[in-house]
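Quick note: the coordinates plus some simple rules give every number you see, no bench work behind them. This one's a predicted model, so the numbers in the text were calculated from it and none came from an experiment. Note that we place each Cβ from the backbone using ideal geometry, even for glycine, and neighbour counts take in every protein chain shown.
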Amino acid sequence: MPSKKILVVDDDPDIVAVLSQRLLSSGYEVSTARDGEEALAQMRAEKPVLIVMDVLMPKLTGYEVLEKIRKNEEWRKIPVIIISAKGSMREFFKDLPAVEFMAKPYDPRIFLSKVERLLWETQKQNPDGSKRVVLLGVQEGLTNKIQMSINSLGLQAFIALNEEDAFQLAQQLNPGNILCQFWEDETILSARKLKGKLAAHPLLKIVPLYAYCEERIVVEALKTFSDDRVITYREKEELLRKVSELLKDE
């Protein structure tokens, strides 16, 4: 499987710890740097696939580091997420290719979504890129474990924020499969709504959509999904095993 190492650069150790943990829990490898000069040293040593960086740092600012990256033939196409407490900094980066800006405080799920999409934009230039799965669930910890399990198969799972985001991701990525948690309270997540949107799309209607749910609500899930499109489980480990068995030959 290709390297998924991400470089996190910030002079605040607490920010580095939080971002690193988020990325590690989603299956990425992480290297860190405390200032601009150390970031460039890590670039040479680690060859990351993406950089997450603050703007105001010692020695070299994030903007100065970005200028050096874009002048380096080997690094210039590496995507960058700029995270800053100063929202006004957004203007400095808005026209730069493969750069996303996020203001602190940030939503962790939106942050991970940006990571996934930037990496996809880079990978889609490679016709031999990993196959893709769109993943949508209510329970964040479980969703992250499913993502890690899928990624370990050599596939690439993209986590959606809601039904509309899952539909948009499917349009952009043309995934091989879509997995959606079947949730009792459809005001929180409606697998039925997502199925309807996909079924109305001329291309996405043929993409397999699987609903996963606990055994206690399988009868309700079967009112919307056929038996071969429902993944039931009692324990989380059982679900991870079934998902791996389903996708391992993709």
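With charges only on Cβ, +1 for K and R and -1 for D and E, what is the dipole size of the chain about its Cα centre, in debye, rounded to 20? Dipole of the chain, to the nearest 20 debye: 560 debye.
A dipole drawn for the chain from +1 and -1 charges on Cβ atoms has a positive end, and of 110, 80, 173 the residue lying farthest that way is 173. Which of these values of Rg and Dmax of the Cα atoms in Å was calculated from the structure shown: [x] 19.4, 61; [y] 25.8, 105; [z] 22.5, 77? Correct label, based on the coordinates given: [x].
Under the simplified labelling scheme, the residue 41-residue 193 pair shows an inter-label distance of 5.0 nm, with each label point 7 Å from Cα along Cα→Cβ.
Compared with the dominant Cα axis of the chain, that is its longest principal axis, helix 163-173 is turned about 70°. For a paramagnetic label modelled at 7 Å from the Cα of residue 242 toward its Cβ, which residues of segment 153-182 fall within the zone defined by backbone nitrogen distances under 19 Å? It comes to 177-182, nothing else. Using the charge dipole of the chain (Lys, Arg: +1 at Cβ; Asp, Glu: -1 at Cβ; taken about the Cα centre), state which of 207, 49, 17 has its Cα farthest towards the positive end. Result: 207, furthest along the dipole toward the positive end.
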